[in-house]
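Enquirer: Submitted below is the structure of interest, expressed as C-alpha cells.
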Amino acid sequence: MEHSITLVVNGTKVSRQVEPREHLIDFLREKIGLTGSHAGCEHGVCGACTLRVDGQIVRGCLMLAVQANGCRVDTVEGLSDSKEIAKLQKAFHEHNALQCGFCTPGMLLAAQDLILQSEKPTREEIRNHISGNYCRCTGYQAIVDAIEEVVNGSR
Amino acid sequence: MKAAAFAYLKPASLPEAFAALVNPHAKVLAGGQSLIPALNMRLSSPELLVDITGLPDLAGISLQAHSIKIGALTTHAQIEACELVRKHVPLLAQAVRHVAHAAIRNRGTIGGSLALADPAAEYPACAVALDSVLVIRNKATERRVKAERFFKGLFETDLKQGELLVAVEFPLAKAGDKSVFLELTRRHGDYAIVGLAAHNERMVFLGLDSKPVLLQKKTLRQTKDQLPRNPPADLYHSSATKRHLAGVLLERAWNTP
C-alpha cells in the first residue's frame, strides 16, 4: 500500500505517494530529480548517499522515504545553492580532493557537519568524521587537506 | 539492492504498537541502521514494519536513584553528547565513540542495538560488563532482565513475540571503579574484529563468540587462559588471530591506569 508523505526538500515543500520499501535516496533521485546524492553500496557502508535530515547527516540508503514524512531534507544541491558549502567546494577543487567525484557530495555533507559542530578539529578528528565515507580515488590525503584548510579559516 | 515489499505502520501509542506486533511476520523498526541493510540485502523479509519512533516516552536519558536509565529510542549521538552518561557510565561513554559513523550514530538507537544482539556490537558487551538491567514490556506487563541472561546466542535474545525492549538501566559508577573500552577495527567505526568492555572484575569480549563473553578477572595469565579456545573466524581473521588479538586487548586493558 502506498503512503502519502509531505516533506521539505531544500526549502521546498513536496508531497508524493511512496511505497514503504522506497529508500529516501531513491525517492530524491528518481521522484524529485535530485541526482546529486549518490546511491553506492546501498547498505550503509560507503557514505555516498549522505543527506541532511532535520539538520543531522544520515545515510539516504538506510532511511525509508516514508520515515522522512514531516522532515526537512537537505541535499548537496540545496547546500550548493545556498552557498553554505561554497568554501569547501572551492578547497576541494583547489586541492584536487576529488577525481571521479562519486563520493564528493557525501564527503562535502560529512565535512560540513564537522565544521558546524566542531570549532577547530584536528586532522585526526577530520579523519574520524569522514571515516564513514569511502573514496576510491584520492587516498583521502587531499580531502583532509581541503577540509583542514577550511576549518583553519585560511580562506 | 532494494528491499522486498512490506507494509508499514507508525503507531502513535504503545497499545497500538502491541496490537500490530501480534503478527508473527512483523518486525520492529527503530533507527533502522541494522534492519534496513538487512532488508536491502534481503536477509530479512518481514510482512510488516512497525515503526516505533512515534511512540512517546521511549527516548531520553534520566538519572535514577541507583542507575542511569536510557530509553530504547535514544540515539548513539544523544548518548555520545550526554553529560550524565559521561559522568555516571564512563564505560558506555568510551564505547559509543566506536559505534559506526556520525551519519549512522544520528539514527541508530541503543534499544535497536541491544534487541538485535549482533555479536560484534559494542552495547551488548557494555550491558553485560556493567551488570545492567533491560526493561521489557508487552501489552499487559513489564519485566526486567539482567543483561547476562538477556543475550542468548547469535542475534538471539530473551525477547519474546509481542514484547518491546523499552529501556536499559546502567548502575551508577562509583569512585574507584575502573572502566576500559577497547576495540580493534580495520576502519574507525566498522564492526569490531574483537573488542573488550572491562568494568572492574568483569571483562566482557565482543566479536569473540555468538554473544558477549564474560570472563572474571584473576591474574593476567589466568584471565587469558579463560579466553575461548576456538573463537569463530570471520572473513578476514582466523580463529587463532582473533584469540591472539583478544589477548592483546586484555593486556592493554590491564595496563590502562
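The values are calculated or read from the model by the stated rules, or taken from the named source; none is laboratory data. All values derive from a computational prediction rather than experimental measurement. Note that we place each Cβ from the backbone using ideal geometry, even for glycine, and neighbour counts take in every protein chain shown. Surface areas here come from the heavy atoms of the whole protein model, side chains and all, with no ligands, DNA or RNA. Shrake-Rupley method; radii C 1.70, N 1.55, O 1.52, S 1.80 Å.
Enquirer: In square angstrom and rounded to 100, what buried accessible area do you get between chains B and A, total over both, with the probe at 1.4 Å?
Expert: The contact between A and B buries close to 2400 Å².
Enquirer: Here's a follow-up. Quick check: with the 1.4 Å probe, what order do B:Asp209, B:Asp190, A:Asp113, B:Asp57 take by accessible area, largest first?
Expert: B:Asp57, B:Asp209, B:Asp190, A:Asp113
Enquirer: Checking the cross-link filter: which lysines have an alpha carbon closer than 19 Å to that of B:Lys2, excluding same-chain neighbours under 8 positions apart?
Expert: Leaving aside lysines fewer than 8 places away in the same chain, those within reach of B:Lys2 are A:Lys31, B:Lys27.
Enquirer: In Å, what Rg and Dmax follow from the Cα atoms of chain A?
Expert: 15.5, 53
Enquirer: In whole Å, how far is the Cα centre of region B:111-185 from that of region B:73-108?
Expert: So the two Cα centres are separated by 15 Å.
Enquirer: Over region B:7-54, what number does the Rg to Rh ratio reach, with both radii from the alpha-carbon atoms and Rh per Kirkwood?
Expert: In region B:7-54, Rg relative to Rh is 0.97.
Enquirer: If the only charges are +1 at each Lys and Arg Cβ and -1 at each Asp and Glu Cβ, what is the size of the charge dipole of the protein assembly as shown around the Cα centre, to the nearest 20 debye?
Expert: 840 debye
Enquirer: Something else about it: For peptide B:4-13, compute the average count of partner chain beta-carbon atoms within 10 Å of each residue's beta-carbon.
Expert: The mean count of partner-chain Cβ atoms within 10 Å per residue comes to 3.
Enquirer: From largest accessible area down, sort A:His3, B:His76, A:His95; use a 1.4 Å probe on the protein chains.
Expert: These residues rank, largest area first, as A:His95, A:His3, B:His76.
Enquirer: Now for a separate question. Between region A:38-91 and region B:234-255, how far is it from one alpha carbon centroid to the other, in angstrom?
Expert: Each part's Cα centre sits 37 Å from the other's.
Enquirer: Specify whether the C-alpha gyration tensor of the protein assembly as shown places it in the rounded, prolate or oblate class, a ≥ b ≥ c being the square roots of the eigenvalues: rounded for a/c under 1.5, otherwise prolate if a/b is larger than b/c and oblate if not.
Expert: Oblate, because a/c is 1.5 or more while a/b does not exceed b/c.
Enquirer: By how many degrees, between 0 and 90 and to the nearest 10, does the Cα long axis of helix B:239-254 differ from the longest principal axis of chain B?
Expert: On a 0 to 90 degree scale, this one is about 70.
Enquirer: Same structure, new question: Taking Rh as the Kirkwood radius computed over C-alpha pairs, what is the Stokes-Einstein D of chain B at 25 °C in a medium of viscosity 0.890 mPa s, expressed in µm² per second?
Expert: 131 µm²/s
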